[in-house]
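Here's the structure, in structure tokens; my notes come after.
The values are calculated or read from the model by the stated rules, or taken from the named source; none is laboratory data. Everything quoted here is computed from the prediction, not taken from an experiment. A quick note on method: Cβ atoms are made from the backbone with ideal geometry, for glycine too, and the neighbour counts reach across all protein chains shown.
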Amino acid sequence: METNYAQQMLDALSSGQLDDAKKFFAQSLRKDSDDLIYSLAEELYALGFLNQSCRAYKKLLEKYPDEDELRTALADIAIEDGEIDEAQDYLAQIKPDSPSYLQALLVKADVYQSEGLTESAEHSLLQAERISPDEDVIQFALAEFYYANQSYPKAIPRYRALLKKGKREISRVDIVARIGMAYAQVGNYEHAVGYLEQIKPEQMTLDTRFQLAVLYQENKRTREAIDLFNGVLEVDPKYTSIYPILGQAYEQEQQLEDAYRVYQEGLAQDETNTVLYRLAGLAAEKLGDDAKAKAYYQNALALDDTDVTSIIILSALLLKQREFEADIQLLEKHIQEDVIDPEFYWHLARAYYQEGKEDQATKYWEMALPFFQENTSFLRDIIDWYHEEGERQGEIDMMVRYLNIEPEDADMQMRLENAKY
């Protein structure tokens with residue numbers, strides 16, 4: 001009976017006996033049949049032992065120099081190792097009349113893709129399709145290429161063609177899930193949900209569950225979205241991209257305490273998430289805990305002091321709390337550091353106004369006006385400013401502008417009439 005050193009090596013690897021595995025590998029290359037060595041090379045590649053797999057394939061290539069299948073395998077290993085030039089050298093030796101030429105084109109596409117040469121990668125795949133238009137592997141490779149490069153309208157028909165041929169899964173990729181995800185990316189949420197709901201819950205990956213939950217939320221199926229999001233977190237509480245979306249779903253259902261809890265749980269998993277700090281602060285503010293809200297906003301800015309949204313909501317809180325000097329210091333500091341948003345001007349105008357610093361207030365009202373001419377809240381503020389300053393014409397002009405936007409506001413109509421006479 002022939003000794004199978006290849007299997008003995010695999011058994012040794014399985015039991016963690018690396019020294020024995022090394023010994024059996026050397027014996028396999030010397031004494032095993034070529035078929036066993038080839039099978040061993042495949043197994044080692046699948047297990048991630050690329051160096052040993054490469055040695056086995058090279059030994060076979062020395063004996064069978066016309067076997068281009070070995071060259072494509074070696075090119076694959078070279079790509080995995082980042083040896084792109086070596087991979088290209090192997091592929092260049094495979095001629096168009098070779099039985100392995102189609103596979104070489106697929107591997108060549110991988111090389112181009114790894115180098116960021118997407119047009120060349122697509123050219124190789126389309127060339128393979130012209131040679132063998134009905135080959136499932138080629139159609140799948142093209143679909144995956146387009147999907148990876150966000151060309152979803154090109155990916156969808158190829159995935160659907162495979163599905164019509166009964167190919168539900170290829171290379172551990174669920175074709176139905178891919179189609180659903182692709183439809184979601186192009187905004188066809190109805191089709192996306194229809195495909196994703198075909199997948200049995202126990203067969204869904206966490207990413208698929210997440211995407212379906214997002215789609216439920218987009219389609220106003222908020223309770224179903226919440227249940228799916230919570231299901232993902234039960235499996236993986238570190239799936240941190242869920243927490244902001246789940247919290248907002250609870251807010252849509254008027255469950256503010258649950259939303260606040262979710263934001264806090266998210267921060268327990270990821271203390272560097274500025275969005276969660278901001279959302280937790282807003283929830284705390286709605287629940288009446290301004291002190292906690294302020295702390296959350298400050299935590300967000302401690303992580304990223306250029307986060308304009310956090311600056312604005314902290315500034316708004318300071319204005320609400322009548323901490324006008326603190327607000328001025330916050331905003332002026334960021335303006336000096338070239339972190340600027342037009343809303344800073346509006347807030348500074350209000351803060352300086354409350355501090356009785358008319359010149360600075362005037363400066364910022366004038367700076368803010370071009371940005372907020374259609375904003376009724378801003379117009380109300382600047383109307384009050386002009387009124388307090390006795391600027392009758394400015395007050396009238398702003399009221400006219402306001403009423404062009406809100407012509408049914410009876411109180412403002414009366415105020416305008418009174419200002420005219």
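What the table shows:
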read-out	value
Failed item, numbered, when Asn51 is tested on (1) free of Cβ contacts under 8 Å to residues at least 12 places away in the same chain; (2) not in a helix (DSSP H, G or I)	(2)
Considering residues of the stretch 176-199 that are touching a residue at least 24 places away in the same chain (Cβ under 8 Å), out of contact with any Ser or Thr (no Cβ under 8 Å at 6 or more places or on another chain) and part of a helix (DSSP H, G or I) only, the residue surrounded by the fewest Cβ atoms within 10 Å (Cβ to Cβ)	Glu190
Residue in the stretch 210-233 that is assigned to a loop (DSSP other than H, G, I, E, B) and either in the same structural domain as Phe145 (by TED's automatic domain parsing) or of a type in the set (Lys, Arg) (or both) present	yes
Search result, residues across the stretch 234-262 that are part of a helix (DSSP H, G or I) and aromatic (Phe, Trp, Tyr)	Tyr243, Tyr250, Tyr260
Residue satisfying all of: in the stretch 408-418; surrounded by 10 or more Cβ atoms within 10 Å (Cβ to Cβ) and without any contact (Cβ under 8 Å) to a residue 12 or more places away in the chain; nearest to the chain's Cα centre (by Cα) among these	Asp409
Odd one out for Glu129 among (1) surrounded by fewer than 16 Cβ atoms within 10 Å (Cβ to Cβ); (2) farther than 28 Å from Ala6 by Cβ; (3) acidic (Asp, Glu)	(1)
Flag for Ser53 being surrounded by 19 or more Cβ atoms within 10 Å (Cβ to Cβ) and of a type outside the set (A, V, I, L, M, F, W, C)	yes
In the stretch 97-111, the residues that are modelled with pLDDT of 85 or more and surrounded by fewer than 14 Cβ atoms within 10 Å (Cβ to Cβ)	Pro99
Which listed residue, of Glu265, Glu202, Glu218, is more than 29 Å from Gln150 (Cβ to Cβ) and at pLDDT below 95	Glu202
